[in-house]
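Since the structure comes first, as structure tokens, the remarks are kept for the end.
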Amino acid sequence: MCPAGHFVRSHRSESHAPPHAYDAALLIPRLALGFLLVGHGTQKLFRWFGGGGLEGTGQFFTMVGYPSGKTMALVAGLSETLGGLGLALGLLTPLAGAAVLGTMLNAMSVNSGGGFFMMDKDGGMELDILVAATATGLALAGPGRIAADRFLPVLRAHRLGYGVAAVVLGAAAGGASSCSSSSQAALQKFCRQLVEHRGLIQGAAVVRSRRVSRQTKVRW
């Protein structure tokens, strides 16, 4: 019995990584993704690292169809900065991941017209999907034990339900703002086409009136 029991224990120890290995594996993407997002967020908020700040980013968001570009720039900047810090520190990890997911859904909506891969003509949404998937995975799996959440009573023992609820919330918020942007962009496109069509009609009327005037003069 002893050799068999020893074999079972040995087999289990070889097939399952020790807890600290999972913690370290979760820490690496948390730090990498978190601090990259902080960089992007501070570009939007404070013009750090060559960013456009609220003014420049707001103009961009207005151009791509958001009703209030500057407000969206503030929301996106805060989501990336606070969400990135939350992931890096392992602080309120489900909410941090959800904030990043919502922002990336909007980024996908904006970049979808440029193709899928980054090497496509206008960049594509490949990187947005990767960031969104990683943030969602961290929200669902939790930050591991090397995290500030270990000191919070509610989040000390991470539950899948926390992550699911946060992901649903982030997806709903991100989807709603993305739809608002798409609707506004469609309305702006329709208005431009209407103005262009009206201009063509007016131009045709002017040309026609000139032709009639010339014919009248010749007859006179």
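General observations
- ASP122 falls short on exactly one of the conditions (1) surrounded by 17 or more Cβ atoms within 10 Å (Cβ to Cβ); (2) at pLDDT below 90; (3) under 19 Å from PHE60 (Cα atoms), and that condition is (1).
- Which listed residue is farther than 19 Å from ASP149 by Cα, under 17 Å from the mean Cα position of the chain (by Cα) and modelled with pLDDT of 95 or more, from LEU87, LEU82, LEU74, LEU95: LEU74
- Boolean, VAL154 is assigned to a helix (DSSP H, G or I), among the hydrophobic types (A, V, I, L, M, F, W, C), out of contact with any His (no Cβ under 7 Å at 6 or more places or on another chain) and modelled with pLDDT under 95: no
- Unique residue being surrounded by fewer than 17 Cβ atoms within 10 Å (Cβ to Cβ), free of Cβ contacts under 8 Å to residues at least 60 places away in the same chain and more than 13 Å from ALA166 (Cβ to Cβ) when the list is GLY69, GLY56, GLY84: GLY56
- Test: residue in the range 148-157 that is on the phi > 0 side of the Ramachandran plot and buried (at least 17 other Cβ atoms within 10 Å of the Cβ): no
- Scanning the range 112-140 for residues that are part of a helix (DSSP H, G or I) and in contact with a Lys or Arg (Cβ under 8 Å, 6 or more places away or on another chain) returns GLY114, LEU138.
- Lone unmet requirement of (1) more than 20 Å from VAL64 (Cα to Cα); (2) under 18 Å from the mean Cα position of the chain (by Cα); (3) among the β-branched types (Val, Ile, Thr) for VAL154: (2)
- Odd one out for SER109, checked against (1) part of a helix (DSSP H, G or I); (2) at pLDDT 95 or above: (2)
- First in the range 117-134 and more than 28 Å from LEU169 (Cβ to Cβ), second anywhere and assigned to a loop (DSSP other than H, G, I, E, B), Cβ under 7 Å, 6 or more apart: PHE117/GLY124; MET118/GLY124; LYS121/GLY115; ASP122/GLY115
- Members of the range 83-106 found to be of a type in the set (Gly, Ala, Ser) and assigned to a loop (DSSP other than H, G, I, E, B), listed by number: GLY90
- Residues within the range 8-40 that are hydroxyl-bearing (Ser, Thr, Tyr) and modelled with pLDDT of 95 or more, tallied: 0
The values are calculated or read from the model by the stated rules, or taken from the named source; none is laboratory data. This one's a predicted model, so the numbers in the text were calculated from it and none came from an experiment. Note that each Cβ is placed from the backbone with ideal geometry, even for glycine, and that neighbours are counted across all protein chains shown.
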